[in-house]
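What follows draws every value from the coordinates through simple rules; no lab data is involved. Not measured: the values here are computed from a predicted model. When we count neighbours, we look across all protein chains shown, and the Cβ atoms used for this are built from the backbone with ideal geometry, even at glycine.
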Amino acid sequence: MDIVVPIKMVPDLVEELEIDSEGRDLDRSSLKLRISEWDEQAVEEALLLRDKHGARVTVIALDTGDVDETLFTCLAKGADRAIKLLGGEAAQGSSRATASVLAKALKGIPHDLVLTGVQAVDDRDGQVAVFLAEALGLPHVSVVSGVEPAGPNAVVARQEYAGGVMAEFEVDLPCVLGIQAAREAPRYAPVSRVRQAMKTLKLEAAAAAAPDAGAGSTVRRLAKPDAGGRAEILEGSPEEVAEKLYAILKGKGLVKS
């Protein structure tokens, strides 16, 4: 089985985010990027399938941020192949454009199963997997929390619903699945192993095709959220804190005497 995992570099939310001078995007001059946490789950699910059932895992990404280190990290974890798409800047910020670029690249890469993160912190729709499946003409299931082979030409995808309800779908191969969570926590690749991968392994590079024009949303304005009211710390013994809290709630009319 050939498994392809498209990954995306997204802003690291631990860092302070600034808006650019036009007010329509983040200031990317000093923006720190990291792999999307859902794509990290997709990579892990692919590696679990590889470890248990045998498969060839290819990771592919647009050339953004520190993508080289991220791709080498995937190789250090056990991926067989890593491909960097050069010149795909025009596809950034649009799920449909990103999907069209990935779809054109995938036509030259063997793929029985395509696993993507179900969403990302910086997109506005979480629809990359849907658009990618449409562009490739493949079946799609999203919000997946586990994948298992079902014979030579199908897989069973476990989809999560509200309240912890799980459904199972048998999906013909090839297909695209949007991964919500892998069956196990993403494995850790030690820095020493990543450095070894950088010395002994190579990233493949390919030119990104121009994205297709298509419908999508446009950001007209970004703004930081207004600061809320300050927090008040209640100090003292449990009895004193309880009395102070009661007085505050009573003053707001939230409790009756």
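Counting only other residues whose beta carbon sits under 12 Å from that of Asn153, what net charge do I get with K and R as +1, D and E as -1? Walk me through the intermediate numbers first.
Working: positive: none; negative: Asp112, Glu170, Asp172.
So the surrounding residues net to -3.
May I have the count of lysine pairs in region 2-207 with C-alpha atoms under 18 Å apart, counting pairs 8 or more residues apart or located on different chains?
11
Given region 2-207, what percent of its DSSP beta bridges are antiparallel, to the nearest 5?
40 percent
Name the shape class, rounded, prolate or oblate, that the alpha-carbon gyration tensor gives for region 76-233, where a ≥ b ≥ c are the square roots of its eigenvalues, rounded holds for a/c under 1.5, and otherwise prolate holds if a/b is larger than b/c and oblate otherwise. Show your work: numbers first, answer last.
Details: a/c = 1.25, a/b = 1.16, b/c = 1.07.
The shape class here is rounded.
Between region 1-34 and region 184-257, how many Å separate their Cα centres?
That distance is 14 Å.
At 7 Å along Cα-to-Cβ for each site, give me the label-to-label distance between Tyr246 and Gln196 in nm.
6.4 nm
Mind putting a number on the dipole of region 2-207 about its Cα centre? Charges go on the C-beta only, +1 for Lys and Arg and -1 for Asp and Glu, and I need it in Debye to the nearest 20.
I would put it at about 800 debye.
In the calculated pair distance distribution of region 1-104, what percentage of Cα-Cα distances lie above 17 Å?
Working: 2989 of 5356 pairs.
Tail of the P(r) past 17 Å holds 56 percent of the pairs.
What relative contact order, as a whole-number percentage, does region 2-207 give when Cα pairs under 8 Å and 6 or more residues apart are counted?
Working: 427 pairs, mean separation 51.6, N = 206.
It comes to 25 percent, rounded to a whole number.
What percent does the relative contact order of region 103-257 come to when contacts are Cα pairs within less than 8 Å and at least six residues apart?
Details: 161 pairs, mean separation 29.4, N = 155.
Result for region 103-257 is 19 percent.
With springs only between Cα atoms under 10 Å apart, run a GNM on the chain and tell me which of Ala76, Ala247, Ala129 wobbles the most.
Result: Ala247 has the largest fluctuation of those listed.
Checking the a/c ratio against 1.5 first, then a/b against b/c, what shape does the Cα gyration tensor give for region 132-220? The partial results should precede the final answer.
Working: a/c = 1.66, a/b = 1.16, b/c = 1.43.
In terms of gyration-tensor shape, oblate.
Under 20 Å between alpha carbons, and skipping anything fewer than 8 positions from Lys244 in its own chain: which lysines qualify?
Lys252, Lys256
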